[in-house]
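The values are calculated or read from the model by the stated rules, or taken from the named source; none is laboratory data. The shown structure was predicted, so the numbers you read here are calculated from the model rather than taken from an experiment. Virtual Cβ from ideal backbone geometry, glycine too; neighbours counted across all protein chains shown. Keep in mind that these areas ignore ligands, DNA and RNA; they rest on the heavy atoms of the full protein, side chains included. Shrake-Rupley method; radii C 1.70, N 1.55, O 1.52, S 1.80 Å.
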Amino acid sequence: MITKSNFEQYRAGTLSLTEFADMISNKNLSDDVLVTSRQDSFSSLSSPRIRTSSWSKSGSYSDSLEETSPIAAIFDTENLEKISISEGIKRGIVDTITGQRLLEAQACTGGIINPTSGQKISLQDAVDQAIIDHDMSARLKQAHKAYSGFDGVRGQKKLSAAEAMKVNWLPYEAGQRFLEFQYLTGGLIDPETQSRITTEEAIRKGIIEGRAAQKLRDVNNYPKILTCPKTKLKISYKEAVDRSMVEDITGLRMLEAASVSSKGISSPYNVSSAPGSRSGSRSGSRSGSRRGSFDGSSSSHSYSFQSVSSSSFGI
């Protein structure tokens with residue numbers, strides 16, 4: 001269905017996953033459609049659905065309360081399978097810090113996402129289902145409190161992440177990160193109601209100040225806190241969401257990852273001596289995760305390339 005040259009182009013990163021998948025499924029989208037699809041939503045029975053971006057050219061963001069999913073899983077480009085973020089860390093294709101921050105974005109916006117079902121669950125349930133381990137659960141507790149609220153003085157309301165930062169209950173760097181994750185996925189979260197609010201509402205309620213709101217709106221200047229699992233270059237969470245793919249059946253966002261960078265840089269995290277590295281975990285995990293993520297007996301559908309589409313961030 002494809003030539004060796006096509007495969008090498010995909011491995012090198014010069015051919016996108018959408019184009020590669022299209023070759024396999026013999027859909028042959030034209031170059032014009034591929035370019036236009038990043039700007040205009042379209043839907044058909046035989047072509048991938050692309051979601052549009054709501055970022056303005058200036059990089060600011062209009063405070064829409066329509067939520068979007070944080071990055072929920074990793075797409076292993078070498079084995080063409082969806083895996084959990086923790087599994088990506090074990091395989092050495094996602095570094096620990098990036099994996100933790102991707103999970104923080106889930107925890108501070110409603111819960112850890114089961115990459116198979118798309119359900120948001122508690123930290124304890126995520127440990128019970130082997131989506132994360134106990135050590136990672138402990139690291140995610142502050143992020144979870146950014147959603148559920150920090151306990152205030154007796155009789156007072158629960159504090160949001162921004163309010164906890166003001167009284168030094170939450171370190172600034174971590175708190176700012178949690179606020180950015182919330183803002184990018186649909187708005188800040190009021191822990192009293194666990195609902196999204198705009199930055200204007202947050203200012204009126206005294207949760208944040210005008211300068212803090214402006215900093216959140218300046219999405220193109222968000223710090224590069226992640227290492228892209230595919231290129232091995234530093235990126236912001238906003239850039240990661242822009243590069244993510246969406247699985248049509250579940251609506252989950254996935255970030256592509258590989259052991260060798262598409263820029264030709266070997267992953268510094270993929271070493272055979274590391275615990276849970278590819279040499280020790282790849283064969284064992286493939287048989288379990290591929291079946292569970294795509295065509296397990298509990299699932300009513302099987303995975304196909306048509307159900308995954310590269311996308312710009314859309315809300």
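Numbers at a glance
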{"item": "Pairs with Cβ under 6 Å, 6+ apart, first in segment 248-260 and over 13 Å from P115 (Cβ atoms), second at pLDDT 85 or above and among the aromatic types (F, W, Y)", "result": "E256/F75"}
{"item": "Residue list for segment 178-204, restricted to those being open to solvent by less than 10 Å² (accessible area, probe 1.4 Å), in contact (Cβ under 8 Å) with a residue 60 or more places away in the chain and part of a helix (DSSP H, G or I)", "result": "F178, F181, Q182, Y183, L184, T199"}
{"item": "Scan of segment 117-141 for residues that are assigned to a helix (DSSP H, G or I) and charged (D, E, K, R), ordered by number", "result": "D125, D128, D135, R139, K141"}
{"item": "Hits in segment 99-130 (condition: of a type in the set (D, E) and either open to solvent by less than 10 Å² (accessible area, probe 1.4 Å) or touching a Lys or Arg at 6+ places or on another chain (Cβ under 9 Å) (or both))", "result": "E104"}
{"item": "Pick from segment 61-77, criterion in a loop (DSSP other than H, G, I, E, B) and open to solvent by less than 50 Å² (accessible area, probe 1.4 Å), ranking: modelled with the lowest pLDDT", "result": "S64"}
{"item": "Which listed residue, of S289, S272, S281, is surrounded by fewer than 19 Cβ atoms within 10 Å (Cβ to Cβ), in contact with a helix residue (DSSP H, G or I) (Cβ under 8 Å, 6 or more places away or on another chain), modelled with pLDDT under 95 and not in a loop (DSSP other than H, G, I, E, B)", "result": "S281"}
{"item": "Which numbered condition H144 fails, given (1) in contact with a Pro (Cβ under 9 Å, 6 or more places away or on another chain); (2) without any contact (Cβ under 8 Å) to a residue 60 or more places away in the chain; (3) open to solvent by 10 Å² or more (accessible area, probe 1.4 Å); (4) part of a helix (DSSP H, G or I)", "result": "(1)"}
